[in-house]
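Input: a single structure, listed below in C-alpha cells.
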Amino acid sequence: MSLRIIAVVIGVCICGIAYADDHASEFLDVGDWLEAERVSDARISPDGSKIVYTRRYVDKINDRFDSSLWIMDSDGERERFLIKGSNPRWSSDGTRLLFTGPDKNGKPQIFVRWMDDEGAVSQVTNVTVTPASPTWSPDGEHIAFVAIIPAKNKWNVSIPSPPEGAKWTEGPRILDRIHYRQDRVGFRDPGYSHLFVVPASSGTARQLTSGEWHVGAQFDGLFFGAGLSWTPDSKRILFDGLDDPNSDLMYRRSHIYAIDVATGEREVLTDSIGYWTDPVVSPDGRRVVYSGYPKAKETYEMPHLFVMDIDGGNPSNLTEDFDRPANAVIWDDNNRRIYFTAQDRGYVNVFKSDLNGKVTPVTSGQQVATLVSADKARTVGVGLISNFSEPGDIYRFPLARPGEPTQLTAVNADMLEGKTLGEQEEIWFEAEDGSMAHGWIVRPPNFDPEKKYPMIFEIHGGPFAMYQGRFNLTYQIYAANGFVVLYTNPRGSTGYGEAFSQAISRAYPSVDHLDLMAGVDAALETGYVDEKRLYVGGCSGGGVLSSWMIGHTDRFAAAAVRCPVVNWMSMMGTTDIPFFTLSFFEKPFWEDPTDWLKHSSIMYVDKVTTPTLVMTGEKDLRTPMAQSEEYYAALKVQGVPAQLMRFNEEYHGTSSKPSNAMRTMAYMMAWYNQWTEDGEVTDSDE
C-alpha cells in the first residue's frame, strides 16, 4: 500500500512456461527479466553538452538489482560507462558530479567525481547513517543531504553484565510511538530523518536539524527522502518537514521550512494547515513553487502546485483549474514559468504554466513522459519516455522552441531484437451505475482474432495510483505465454480528476468493484477471450481488490491474491504505516466496527469458490504475512482449493529479488493453467 496520498499442494507444471521456452527465439519469456535494463535520473550538464544517467540492471550472481552511471554527449553520441553508483547531480559550474555509492565496507556514501580528463573521485561522507537526497549548494562549496538518526533509548534500567563469552539475547526494540518503518533492506530501528550539510571537498557532516519530527514530508515507508532547494546565495535551504510522523494520515501536517545554514535558525514559510512538500526556489531567489493540498477532508486529496514569495507571502494555487496531480517542477530561467509532469487519463506528459496558472502541454500522446532536468539556459531538457512498444529510454526535450523529443538511448534494443511483442489495445467502458473507466488489453504475439484466449486480469495497488499505458515487461511475458492481459484504472485511481479518485473515500472497496467487473465485460465483448478461463490477481491494493472480487463473483476460474489486506481491523495494529486504516473509516472499530467489517474481504470468504493462490513476502510489514495467513486459513476451512506461498527475502511485494520476480510470474501462470471456470484441471496439467 502506498502512503503517497493524504499523504496499498500447487503442482507446479512446466506448462506455465513451456510456450515461451519452446519459442525463445521469437517471444519473450520469464528469463528475459534478467536481461532487461532500466534507465532513470537523466541529468544534463549546466552547459547542455553532456548527459549522465542511472542504468539499473540485474546482478545475476547476487540476485539483486545494481546501478551504474553512464555518460553521453547531449546528442546521444559517445554513450559509455562512467562509474558505479546512482543519484547523479552536476555542480552548478559543471566541473563536478556528485553521486551515491558504496564505500569499501559496502555502506552508502556520497562521492564527487571531477569531470575533467583525470576523472578523480573523492569520498565526501564517511557517516554511519545512510545519506539521501544529496543536493549541491549553488556555489559548489557544500552538499546537503537527509539521513535518519536513531531515536534515543529513554529507559534507564540496569541488569547484570553477561559473563565473559556469554551469548545473551539482544535487547528489545523499544517503541513508545509508532515511528518505525521498513525499507528495501529490512526493518529500521525507530528514528527521525534530519538535515545535514558537508563540505563538498570532503569533511565532517554537520547536523542542522534535530528533534522528534521528520525532515522530508514525502516518504512512503520504503524510502525517506526530502525536497531540498538552496537559495541562489547558498545561505539558506528550503525543505519540507513532517510535524508529527506518527499521526493519522488524515491529520498529517507538513510545512515548507527555510533554514540558515550558518546558524541553524529555522522558520516556517507555509502558514496554512496542510500537507506541503517539494519546494523549488526560482533562479532569482524571489519565489518558491511547492506541492501539496490544504487540510485533508477526504481519504484522497489531489496535490496541486502552489507558488509563494521566498518569505512565505502571497501563496497561490497555480494548478487550481488543472484537475490532475502535478509534480517534478523545473523553473524556466526567466523566473516567470515552470515546467512540470502530470498524470492524465492513464498517461503521463510534460506541461508548463505561467505564474498566473495558465497551463499548456509541452508533450502529448499515449506515452509516459517525464522531464527530469534542464540546462542552465533552459533551452533543452532531458527525461524519459516510454510507450506501448518501448520500455523506456532517455530523451532530449526542446524547451526554447516547440518541437518533438529526440530519443537518445535504446538500452533494451538487444533484448527485444527479433522478439514479437503483443499488441496493446486501449478500452473505455461503462460500469452498471453509469460511471466510465479506462484500461488496456495486451494481446498474445501472432494474435488470431478467431481464437479464444485465457485472460489474466491484473489490478493495481495504492489504491490511489494509476496504471500507465506503456510497455510492461511482465504483461508482455504473460502474453507471450498465450494469455490476454487486462489492466484497468477503476475509481480510486489517480489521473482522472479528484472526484474520480475520491469516489472510494471511506468506501474501499466499493464502486471500484463495479468498474473492475465492467472491464471484464468489455474484454469479453472483444470476442477473443475465453469466458471459462478468466483469472484475477494483484498485489497490495491489488490484493485487497482481487480478494474482494472473488468474494463477490464466481466468474473467475482462479486467482492469485498477492500481499493482500483482508481484515482492516487486524491490519491497523500490524502494518508499518502508522494509523493507516483510520484514514479509511469514520470511527475507530472499537467505537463501531460496522464499516471495518463491511469492507474486509475476509467477511465474504464464505462466498468464495475460486481456487486461490496467496503469495506474500516473509518479511512484509506493509501488508503483513498475518493477513495472508488469515485469508488462507479461512479459504481452507471453506474447502476452497488454496495454496499459500511465503516468499523468502521479500518485504512488500514478491518481486524485489530478480529470482522472486521470475518465480512470481512462473507460479502464477502454472496455477492459472490448472483451472477452468468449471473447476476442472485442464489438459495442460497432464
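Bear in mind that the values in this text are calculations on the coordinates, not laboratory data. What you are looking at is a predicted structure, and each value in this text was computed from that prediction instead of being measured. Every residue, glycine among them, receives a Cβ derived from its backbone with ideal geometry; neighbour counts consider all protein chains shown.
Here are the numbers for the structure shown:
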| item | result |
| --- | --- |
| Farthest positive-ward along the chain dipole, Cα basis, beta-carbon charges - from 504, 420, 527 | 504 |
| Zone residues, region 444-461, relative to residue 26, backbone N less than 20 Å from point 7 Å out along Cα-to-Cβ | 444-454 |
| Efficiency of FRET from Cβ geometry, residue 510 and residue 34, R₀ 35 Å, rounded to 0.05 | 0.30 |
| Region 336-411: relative contact order in percent, alpha carbon pairs under 8 Å with at least 6 residues between | 19 |
| Packing rank of 30-43, 51-64, 481-494, where each peptide gets the mean count of other beta carbons within 10 Å, highest leading | 481-494, 30-43, 51-64 |
| Filtered GluC sites (Glu not before Pro), region 276-346: DSSP coil and at most 13 other beta carbons within 10 Å | 320 |
| Least to most buried among 620, 333 (fewest other Cβ within 10 Å first) | 333, 620 |
| Peptides ranked, highest mean first, by Cβ atoms within 10 Å: ranges 502-508, 198-204 | 502-508, 198-204 |
| Proxy reagent accessibility, fewest Cβ within 10 Å first, across 432, 79 | 432, 79 |
| 5 angstrom amide H check on residue 82, placed H, neighbours 5+ away | 69, 70, 71 |
| Relative contact order %, region 464-608, counting alpha carbon pairs below 8 Å whose residues are six or more apart | 19 |
| Under 17 Å from the residue 356 label point (7 Å along Cα→beta-carbon), backbone N, region 305-340 | 307, 316-322, 335-338 |
| Relative contact order (%) - region 38-123, alpha-carbon pairs under 8 angstrom, separation at least six | 19 |
| Sequence-distant lysines (8 or more away, or on other chains) whose Cα lies within less than 21 Å of residue 619 | 657 |
| Charge context of residue 264, other residues only, Cβ under 13 angstrom, K/R +1, D/E -1 | +1 |
| Nitroxide proxy distance, nm - points 7 Å out along Cα→Cβ at residue 574 and residue 139 | 5.5 |
| Cβ crowding within 10 Å averaged over residues, with 463-475, 138-150, 552-564 ranked highest first | 552-564, 463-475, 138-150 |
| Student exercise, region 415-685 dipole from Lys, Arg, Asp, Glu Cβ charges, in Debye to nearest 20 | 660 |
| Given charges at beta-carbon only (K, R positive; D, E negative), |dipole| of the chain in Debye | 1820 |
| Sequence-distant residues sharing a close amide H with residue 64 (under 5 Å, placed H) | 59 |
| Residues residue 63 and residue 317, FRET efficiency given R0 of 56 Å [Cβ-Cβ distance, rounded to 0.05] | 0.75 |
| Gain upon complete extension [residue 114, residue 170; 0.36 nm per residue less C-alpha separation] | 15.7 nm |
| Dipole of region 381-470, positive end: most advanced residue of 407, 440, 457 [Cβ charges, Cα centre] | 407 |
| Rh (Kirkwood; distinct C-alpha pairs) - region 582-633, Å | 12.9 |
| Test item: Cα-centred dipole of region 336-411, Lys/Arg +1 and Asp/Glu -1 on Cβ, debye | 420 |
| Positive-end residue, the chain charge dipole about Cα centroid, Cβ charges, pick of 27, 384, 480 | 384 |
| Residue-span extension gain [residue 268 to residue 233] - 0.36 nm each, minus C-alpha spacing | 10.7 nm |
